[in-house]
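Note sheet for the following structure.
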Amino acid sequence: MNAKRRVYLSPPHIGEAEQRYVQEAFATNWIAPLGPNVDEFERELAEKVGARGAVAMSSGTSAIHQALRLAGVGRGDRVFVSTLTFVASVNPILYEGAEPVFIDSDFETWNMSPVALERAFEAAEREDKLPKAVIVVNLYGQSADMDPILERCGKYGVPVIEDAAESLGANYKGKASGTLGHFGIYSFNGNKIITTSGGGILVSNDTGALAKAKFLSTQARDPALHYEHSEIGYNYRMSNVLAGIGRGQLQVLEERVAARRAVFQRYKEAFAGYEGIEWMPEASYGTATRWLTALTVNPLILGVTPIELVKALAAEDIEARPVWKPMHLQPLLRQYDYFTHAPQFSVSDQLFAQGLCLPSGSSLCEVEQRRVIDCILSQIEARRKTHESA
Ligand SMILES: *Cc1c(COP(=O)(O)O)cnc(C)c1O
């Protein structure tokens, strides 16, 4: 029998051009933060998504942090943010000593509920404490419903930061996901759609703000020969070597998205006859990346819980995960306000309780995917048998 390879949730998938750009950096001794690969990567990415400019960073998290600084977020300020996300959407709010306020999802998109957002705005207005910024997450590669969100934020004069870490290559009504707010950020962590092994980028049409981001992310050095500083700065820029990987990866972005969508399609077909399995919906306003294939599993119908499936898959050396645990349930963040989609009903709690993410890498081959599918099917069938014989 062949040794079976471990199946990862979302491993890096390197193409052919990456090494050439990296070698160029070595050959020309641009082994530094910044350099020609960074400049070109920024230009090429901005062009691809249709933004005026981009600033490459050491991570998606640092890009979010810079966006918050540019939006003027400081100590004691409030920032509204989607609750159903990875903690990196929220940590930069805490870095600034600001206060996150969590906004629920809706079932149609799994993303920020415009209804919950409006209730949060109304409450904030009553208390005369409007947020300084709203961070909208495009979960698992699907754009949030940006029009009603932008409309509400516009009404209250609050800038929008799009956390598009998972949605590079997705679109919303024909526009690239990540370019609809005042600022957008993408991540190039190893598990994202494309990677630089670690990195992120800030995009915007506000070129003045982008110039400021370059200044802040290189230690905020005032123009002087001696080192002069009048603001807090960061060492947050992407290295020229890693930007070379990014340039190669950018060339295969569309292929990577298509491959993830094909992975999703195969799962969908394999479980088509099974009641109790529901896929994260794809909203009609755009195309998602299907960064991760996400679904809900109803244990009352299927006889098996998402956690039992994660464990059964782990026993076969397959990595699966529950859906993100919502931020308002995290020990770190429990003390902050949370606005649900409907009074007394939290959509994100339910998605967390029943949600499951399956291996979704663009390099996942059909044989490996079959292992994932067969493992889940055997779990479901086993419970059926015990149920029937009981
Ligand atoms: C990955 C991710 C981030 C953070 O990006 P890093 O590059 O890992 O810092 C932020 N938000 C979301 C939703 C993510 O999935």
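The values are calculated or read from the model by the stated rules, or taken from the named source; none is laboratory data. Given the structure is predicted, the values throughout are model-derived calculations rather than measurements. In this analysis, Cβ positions are derived from the backbone assuming ideal geometry, glycine residues included, and neighbour counts consider all displayed protein chains. Accessible surface areas use protein heavy atoms only, side chains included; no ligands, DNA or RNA. Shrake-Rupley method; radii C 1.70, N 1.55, O 1.52, S 1.80 Å.
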Item to complete: Only one of these is more than 12 Å from the ligand (Cβ to nearest atom) and in a strand (DSSP E or B): VAL158, VAL134. Name it.
Response: VAL134
Fill in: Unique residue being under 20 Å from ALA258 (Cβ atoms), assigned to a strand (DSSP E or B) and in contact (Cβ under 8 Å) with a residue 12 or more places away in the chain when the list is ALA283, ALA294
ALA294
Worksheet item: Mind checking which residues of region 213-239 are in contact (Cβ under 8 Å) with a residue 12 or more places away in the chain and either touching a Pro at 6+ places or on another chain (Cβ under 7 Å) or aliphatic (A, V, I, L, M) (or both)?
Response: ALA213, LEU216, ALA220, ILE232, ARG237, MET238, SER239
Item to complete: Any chance you could count how many residues in region 220-242 are small (Gly, Ala, Ser) and either within 22 Å of the chain's Cα centre (by Cα) or open to solvent by 30 Å² or more (accessible area, probe 1.4 Å) (or both)?
Response: 3
Worksheet entry | Residue that is nearest to LEU302 (Cα to Cα), among those in region 341-369 that are hydroxyl-bearing (Ser, Thr, Tyr) and open to solvent by 10 Å² or more (accessible area, probe 1.4 Å) | SER346
Practice prompt. Specify which of the listed residues (ARG75, ARG69, ARG43, ARG126) is touching a residue at least 60 places away in the same chain (Cβ under 8 Å), of a type in the set (Lys, Arg) and either open to solvent by 40 Å² or more (accessible area, probe 1.4 Å) or within 19 Å of LEU168 (Cα to Cα) (or both).
Written response: ARG69
Discussion item. Take ALA164 and tell me if it is modelled with pLDDT of 95 or more, open to solvent by less than 30 Å² (accessible area, probe 1.4 Å) and under 24 Å from PHE80 (Cα atoms).
Written reply: yes
Worksheet item: Which condition does GLY233 not pass, out of (1) more than 23 Å from VAL347 (Cβ to Cβ); (2) part of a helix (DSSP H, G or I), if it passes all the others?
Response: (2)
Fill in: Lone qualifier among THR207, THR179, THR195 - being under 22 Å from ALA259 (Cα atoms) and among the hydroxyl-bearing types (Ser, Thr, Tyr)
THR195
Discussion item. Six or more apart or on different chains, Cβ atoms under 6 Å: show the pairs whose first residue is in region 152-165 and under 14 Å from LEU70 (Cβ atoms) and whose second is within 10 Å of the ligand (Cβ to nearest atom) and open to solvent by less than 10 Å² (accessible area, probe 1.4 Å).
Written reply: ILE161/ILE135
Item to complete: Among residues belonging to region 174-219 that are buried (at least 24 other Cβ atoms within 10 Å of the Cβ) and among the aromatic types (Phe, Trp, Tyr), point out the one that is farthest from the ligand (Cβ to nearest atom).
Response: PHE183
Worksheet entry | Qualifying strands (runs of 3 or more DSSP E) (wholly inside region 1-107; at least 1 residues being farther than 21 Å from ALA120 by Cβ) | 53-57
Item to complete: Of the numbered conditions (1) aliphatic (A, V, I, L, M); (2) closer than 23 Å to THR296 by Cα; (3) touching a residue at least 40 places away in the same chain (Cβ under 8 Å); (4) open to solvent by less than 10 Å² (accessible area, probe 1.4 Å), MET112 fails exactly one; give the number of that condition.
Response: (3)
Worksheet item: Where residues in region 293-326 are among the hydroxyl-bearing types (Ser, Thr, Tyr) and out of contact with any Pro (no Cβ under 7 Å at 6 or more places or on another chain), which of them is nearest to ILE373 (Cα to Cα)?
Response: THR293
Worksheet item: Any idea which of (1) open to solvent by less than 50 Å² (accessible area, probe 1.4 Å); (2) in contact (Cβ under 8 Å) with a residue 12 or more places away in the chain is the one THR305 doesn't satisfy?
Response: (2)
